[in-house]
1. Tell me whether the stretch 62-72 contains one or more residues that are in contact with a helix residue (DSSP H, G or I) (Cβ under 9 Å, 6 or more places away or on another chain), under 23 Å from Ser148 (Cβ atoms) and either buried (at least 21 other Cβ atoms within 10 Å of the Cβ) or among the small types (Gly, Ala, Ser) (or both).
2. Restricting attention to the stretch 129-187, and to residues there that are among the hydroxyl-bearing types (Ser, Thr, Tyr) and within 15 Å of Cys109 (Cβ to Cβ), which single residue is nearest to the chain's Cα centre (by Cα)?
3. Could you figure out which of (1) crowded, with 21+ Cβ neighbours inside 10 Å; (2) among the small types (Gly, Ala, Ser); (3) within 23 Å of Glu224 (Cβ to Cβ) isn't true of Gly186?
4. Need at least 3 residues that are over 22 Å from Ala313 (Cα atoms) per element, so show me which strands (runs of 3 or more DSSP E) inside the stretch 166-229 make the cut, counting only ones lying wholly within it.
5. Among what's in the stretch 91-117 and is in contact with a Pro (Cβ under 6 Å, 6 or more places away or on another chain) and not in a loop (DSSP other than H, G, I, E, B), pick the residue that is modelled with the lowest pLDDT.
6. Within the stretch 113-135, can you find the residues that are within 21 Å of Ala266 (Cβ to Cβ) and not aliphatic (A, V, I, L, M)?
7. Given the stretch 1-85, what helices (runs of 4 or more DSSP H) lie entirely inside it while holding 2 or more residues that are touching a Gly at 6+ places or on another chain (Cβ under 8 Å)?
8. Having 1 or more residues that are closer than 22 Å to His204 by Cα, basic (Lys, Arg) and at pLDDT 95 or above is the bar; report the helices (runs of 4 or more DSSP H) wholly within the stretch 258-317 that clear it.
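The values are calculated or read from the model by the stated rules, or taken from the named source; none is laboratory data. Everything numeric here is computed off the predicted structure, so don't read it as measured data. Neighbour counts are summed over all protein chains in view; Cβ atoms, including those assigned to glycine, are modelled from backbone coordinates with ideal geometry.
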Amino acid sequence: MKTYTYTDLKDTRSGFGEGLLEAGRKNPNIVALCADLIGSMKMDAFVAEFPERFIQVGIAEANMIGIAAGLTIGGKIPFTGTFANFSTGRVYDQIRQSVAYSQKNVKICASHAGLTLGEDGATHQILEDIGLMKMLPNMVVINTCDFSQTKAATIAIADYNGPVYLRFGRPKVPDFTPKDQIFEIGKAIMLNEGKDVSIFATGHLVWTAIEAGAILAEKGIDAEIINIHTIKPLDREAVLKSAAKTRCVVTAEEHQMNGGLGDSIAQLLSREMPTPLEMVAVDDKFGESGIPEDLMVKYGLSTPDIVNAVMRAIVRK
């Protein structure tokens with residue numbers, strides 16, 4: 001098992017903030033919009049350096065999406081910022097009609113997704129956003145795993161022409177990916193080559209999968225671990241190649257089982273390469289208020305849960 005180390009625990013939303021500033025310095029057409037959450041979205045530095053390229057919309061998320069779509073007509077590249085629940089569920093009609101259907105070059109950037117939002121509870125812990133967004137034609141869906149990858153992804157989507165949903169979070173997590181990485185939309189990243197089981201993880205669960213891989217190695221199980229940072233377009237080649245080698249699959253994500261990464265991989269495998277598959281995800285439940293670490297255990301998203309899923313998958317070979 002390849003060893004990964006880190007020197008810092010950083011929140012992924014700060015990676016977005018730094019990436020937005022760097023992208024803004026490179027491209028004067030980049031503008032930012034926020035729904036009264038500048039500090040929470042870490043957009044402060046961009047606002048300070050480019051006040052003329054920032055619009056504070058206030059608590060009017062639907063209006064923010066409409067304004068962003070309109071700005072693209074004049075050649076601007078708008079980045080919208082608010083919590084994931086308000087970035088998707090609250091404004092789904094506006095995204096569908098004004099952004100996805102019209103193929104507008106809007107970057108919908110969303111923080112505070114999933115159970116790791118913690119004490120804010122079910123009303124804010126959206127666990128359906130990836131499913132909502134991946135179902136929209138023309139929409140790219142990205143879910144990054146750490147600070148450095150989020151920064152790189154933010155810079156990369158500025159150069160991509162089309163609608164993008166970028167999901168990140170509030171908790172501080174290990175920052176283990178290369179600081180100088182080049183982010184490739186739709187290209188999975190091999191973290192550990194193995195032969196016994198394929199673990200496809202996304203977002204905060206990537207580090208959890210690495211921890212599970214180390215435990216499995218001690219049990220004599222050689223896990224292949226792949227970071228699926230882009231849910232859509234899915235790296236079909238990487239998934240099929242790995243599944244053909246290991247002949248059993250586990251997916252891991254901080255999202256509903258319905259509509260998430262596991263759902264996408266299950267559809268692909270059922271059509272092209274039927275393979276035993278176990279999903280580590282929230283099983284058709286809303287979240288609740290609590291300490292993030294406790295919630296991840298309660299809802300079955302912890303390191304032991306991935307280990308147990310692997311054991312079940314291997315038995316089904």
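1. We begin by selecting, within the stretch 62-72, every residue in contact with a helix residue (DSSP H, G or I) (Cβ under 9 Å, 6 or more places away or on another chain); these are 62-66, 68-70, 72.
Filter again for under 23 Å from Ser148 (Cβ atoms), leaving none.
No, the stretch 62-72 contains no residue that is in contact with a helix residue (DSSP H, G or I) (Cβ under 9 Å, 6 or more places away or on another chain), under 23 Å from Ser148 (Cβ atoms) and either buried (at least 21 other Cβ atoms within 10 Å of the Cβ) or among the small types (Gly, Ala, Ser) (or both).
2. Going residue by residue through the stretch 129-187, those that are among the hydroxyl-bearing types (Ser, Thr, Tyr) are 144, 148, 150, 154, 160, 165, 177.
Still in the running and within 15 Å of Cys109 (Cβ to Cβ): 144, 150, 154, 160, 165.
Numbers: Thr144: 4, Thr150: 9, Thr154: 12, Tyr160: 17, Tyr165: 9 Å.
The residue in question is Thr144.
3. It fails just one condition, (1).
4. Numbers: elements: 172-174, 189-192, 197-201, 223-227.
Correct list: 172-174.
5. Restricting to residues being in contact with a Pro (Cβ under 6 Å, 6 or more places away or on another chain) and not in a loop (DSSP other than H, G, I, E, B), the top hit is Thr116.
6. The initial filter retains those residues of the stretch 113-135 that are within 21 Å of Ala266 (Cβ to Cβ), namely 114, 127-135.
Scanning the stretch 113-135 gives Gly114, Glu128, Asp129, Gly131, Lys134.
7. Values: elements: 12-26, 44-49, 61-73.
Those helices (runs of 4 or more DSSP H) span 12-26, 44-49.
8. On the way: elements: 261-272, 292-298, 303-315.
The qualifying helices (runs of 4 or more DSSP H) are 292-298.
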